[in-house]
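Colleague: Got a structure here, written out as structure tokens. Questions coming.
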Amino acid sequence: MGDGDSATLERWFVSMNEWKVTEGLRIPIKGDVAWKLVSGDFTYYQWEILQIEYNTKDVLHGAR
């Protein structure tokens with residue numbers, strides 16, 4: 001947490017708060033990233049998957 005000389009190593013976690021079934025697969029689509037601080041959890045990022053592609057060779061292995 002922080003940067004430079006004042007940076008500290010803190011425990012953190014990623015939560016998955018919302019799921020969706022697409023093409024028969026259940027995937028997490030929303031969640032939070034937070035530090036577990038002595039003063040309480042500090043959420044510093046909220047994520048959401050808006051689009052997904054799979055079985056795409058260009059993405060998995062690079063363009064050929």
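Laboratory data are not the source of any read-out in this text; all were calculated from the coordinates shown. Quick caveat: nothing in here was measured; it's all calculated off a predicted structure. Here Cβ is always computed from backbone atoms with ideal geometry, including for glycine, and neighbour counts include all displayed protein chains.
Colleague: Please give the charge dipole size of the chain, origin at the Cα centre, charges +1 on K and R Cβ atoms and -1 on D and E Cβ atoms. Round to the nearest 20 debye.
Modeller: Computed about the Cα centre, the dipole is about 300 debye.
Colleague: Over all distinct Cα pairs, what is the inverse of the mean 1/r for the chain, reported as the Kirkwood hydrodynamic radius in Å?
Modeller: Its Kirkwood hydrodynamic radius stands at 14.7 Å.
Colleague: Residue by residue, what Karplus-based ³J(HN,Hα) values in Hz, rounded to whole numbers, does the stretch 8-20 have, using 6.51, -1.76 and 1.60 with θ = phi - 60° and x for Gly and Pro?
Modeller: Running phi through 6.51 cos²θ - 1.76 cosθ + 1.60 with θ = phi - 60° gives 10, 8, 10, 6, 9, 8, 10, 9, 10, 9, 9, 10, 9 Hz.
Colleague: Okay, which of the stretch 32-49 sit inside 14 Å, backbone N to the point 7 Å along the Cα-Cβ direction of Asn17?
Modeller: From the stretch 32-49, the list is 32-35, 41-49.
Colleague: For Lys30, what residues show an amide H to amide H distance below 5 Å, using hydrogens built from the backbone and excluding near sequence neighbours?
Modeller: Asn17, Glu18, Ile49
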